[in-house]
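For reference, the structure discussed in these notes is given below.
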Amino acid sequence: MSRPSILRTIGWLWFLASLVVLAIGFREAIFLVPTDAAQGDAGRIFYYHVPSSMLSLIFPYINFLASLAYLYWRRRDPLKALTSDALALTAAEVTVVYATICLVTGSIWGRATWGIWWTWDPRLTSMLLLWLLYVSYLMLRRFSSAGQSQTLAAVLSVFAAVDVPIVYMSIRWWRTQHPAPVFGGGPDSGLDPSMMPAFVWNIIAWGMWGIFILGFRFALERRRQLAEQDAALSAIEASLETAQ
Amino acid sequence: MKYIGHVLAHLRKDLRIEWRSRDSINGMLFFSLLVVVVFSLAFDPTAAVSRQISGGILWVALLFATVTALNQAWTREQNHQVLEAQRMAPAPASALFLGKAIANMLFVLVVEAVLAPVFIVFYNLHVLGNAWLLALILPLGTWALVVNGTFFAVLGLRTRNRELLLPLLLLPISLPALLGMVEATTGVLTAQLDPLEINTWVTQLAGYDLVFTIVCILLFETVLNAE
């Protein structure tokens, strides 16, 4: 089999596997986990809110590393630089998707348990800030001209990545209405053992799904880049022919 | 030493140009004055309320004024091909940036010095906390806005809609700093915040300034040669 068709098979298998894991995670979270004593069934949104928020803090690092790789290869190896730029763009888009899911599910959950859709609590604000940062990254890519948008976006990504730890540390710096972090937040933190399987299945499932859309979007962006290169090449060839 | 010499040369040039025209200081001053007036009409503040919200209003006015001035900050450089000249010059590119940022910082500080008394009169304020702390908070906050603003202004220089792009990029990055400035300023004005907490905000602001100054200096050359 040729290389693209192997990759396509892996993509399909990965897609099917993540669907299966998503289904298992759904069954665990909705049917198997005992109902939360204080929150009732609304507490089940935990299994969607927390994985998506954790993932939306992981994908920015992919974006950051890919942007650094772009800046490193920009002059040394343009083809590798283009690949890492495609990865950076994709990771930023996936970040926006997961941050949006996190904000929306958090808002629904807040309505159910706190009685409000939104509060200007530091942790909510910092998540919104993360969302805004990566939306502004995508905006910059849209507004800048083709030749330099990759470099400018990579530079902005470095700025955004410097902001992400501030977002994360805000959990510990500022007083908050939001519950303390579940993992590593202090002696009382940690999950009840009965919640663990549902949580683990869901975080794996959403991680796999995130990697799938990352890969899918990456392939699409690579295809766009190659088409652009072909178009540029044929334009150059056409201009050479008219000159003769 | 040589680096500082380059920075000072750029700074001197910017200050001299501004001294001759006084465009950006006058523009910023009038603009922030207008914002202050608009807010006081919009909120109709009594003394107690105005003290609560004045920290935010002061910074929002300064933020908008800074953005409008920074949009024009590199126009002269672009028109006179200074950026192209800088690419060929052996002098470090970040010196150009640092000189520009310090010049902008001085302009905004002048605006703040003129605006502060007007602000106190309009909002009928008297400071309840440690007023000297403002002498620390204002420059730190200003630098946070100006250093990133100058950088993003040059980043957006060759893009479409660059006047629109600057606030779109600057505001999300500056929000943590903005939170720090507003909280610390309001804390000093109302004296309702623990000194320890104000101290935390100021430290955080200083850390933010330091980190982003380093990032800007490191990446300026990349942006200058982005093509």
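Just so it is clear, none of the values below were taken in a lab; they were calculated from the coordinates. Predicted model, so just to flag it, every value in this text is computed and none were measured. When we count neighbours, we look across all protein chains shown, and the Cβ atoms used for this are built from the backbone with ideal geometry, even at glycine.
Have a look at B:N161, B:N104, B:N130 and tell me which one the Gaussian network model of chain B (Cα, springs below 10 Å) gives the largest fluctuation.
Sorting by GNM fluctuation, first place goes to B:N161.
When you look at the Cβ of every residue in A:118-130, what mean number of other chain Cβ atoms sits within 10 Å?
For peptide A:118-130, the averaged partner shielding equals 1.
Could you work out, for the protein assembly as shown, what percent of all Cα-Cα pairs fall into each 10 Å distance bin, beginning at 0 Å and stopping at the bin that holds the largest distance?
Percent of pairs per bin, in order: 4, 17, 24, 24, 18, 10, 3, 0, 0.
Would you mind ranking B:W74, B:W132 so that the residue whose beta carbon has the fewest other beta carbons within 10 Å leads the list?
With the fewest neighbours first, B:W74, B:W132 line up as B:W132, B:W74.
Which value, in debye to the nearest 20, gives the size of the charge dipole of segment B:2-224 about its Cα centre, when Lys and Arg are +1 and Asp and Glu are -1 at the Cβ?
760
Could you please tell me the mean projected area of the C-alpha convex hull for segment A:32-105, averaged over all directions and given in square nanometres to one decimal?
5.8
Using +1 on the beta carbon of Lys and Arg, -1 on that of Asp and Glu, and nothing else charged, what's the dipole of the protein assembly as shown about the Cα centre, debye to 20?
My answer is approximately 840 debye.
Could you work out how far apart the two model spin labels at B:Y3 and B:A89 are, taking each label as a point 7 Å from the Cα in the direction of the beta carbon, and quote it in nm?
1.7
Using θ = phi - 60° and the Karplus relation 6.51 cos²θ - 1.76 cosθ + 1.60, list the HN-Hα couplings for segment A:20-34 in order, rounded to whole Hz, with x at every Gly or Pro.
With coefficients 6.51, -1.76 and 1.60, one gets 4, 5, 4, 5, 4, x, 4, 4, 4, 6, 8, 10, 9, 5, x Hz.
Could you calculate the contour length gain from B:V118 to B:I214, that is, 0.36 nm times the residue separation minus the distance between their Cα atoms, to one decimal place in nm?
Fully extending the segment from B:V118 to B:I214 adds 31.1 nm.
Between A:F212, A:F59, A:F31, find the one with the highest GNM mean-square fluctuation for chain A; connect C-alpha pairs within less than 10 Å.
Looking only at A:F212, A:F59, A:F31, the largest GNM fluctuation is found for A:F31.
In peptide A:59-68, what is the residue-averaged number of other protein chain Cβ atoms found within 10 Å of each Cβ?
Counting Cβ atoms of other protein chains within 10 Å of each residue's Cβ and averaging gives 0.
Taking amide hydrogens as modeled 1.01 Å from N in the peptide plane, which residues meet the under 5 Å criterion relative to A:D36, leaving out close sequence neighbours?
A:G43
Compute the Cα gyration tensor for chain A, then decide on rounded, prolate or oblate, letting a ≥ b ≥ c be the square roots of its eigenvalues: rounded whenever a/c is under 1.5, prolate when a/b is larger than b/c in the other cases, and oblate in all that remain.
Prolate, since a/c reaches 1.5 and a/b exceeds b/c.
From the convex hull of the Cα coordinates of chain B, what is the mean projected area in square nanometres?
One quarter of the hull surface, i.e. the mean projection, equals 12.8 nm².
Among B:S94, B:L58, B:V37, flag the residue with its Cα farthest along the positive direction of the charge dipole of segment B:1-100, charges on Cβ as +1 for Lys/Arg and -1 for Asp/Glu.
Comparing the listed Cα positions along the dipole, B:S94 ranks first.
Mind giving me the FRET efficiency for A:A23 and A:W117? R0 is 30 Å, r the Cβ-Cβ distance, nearest 0.05 is fine.
After rounding, the FRET efficiency stands at 0.50.
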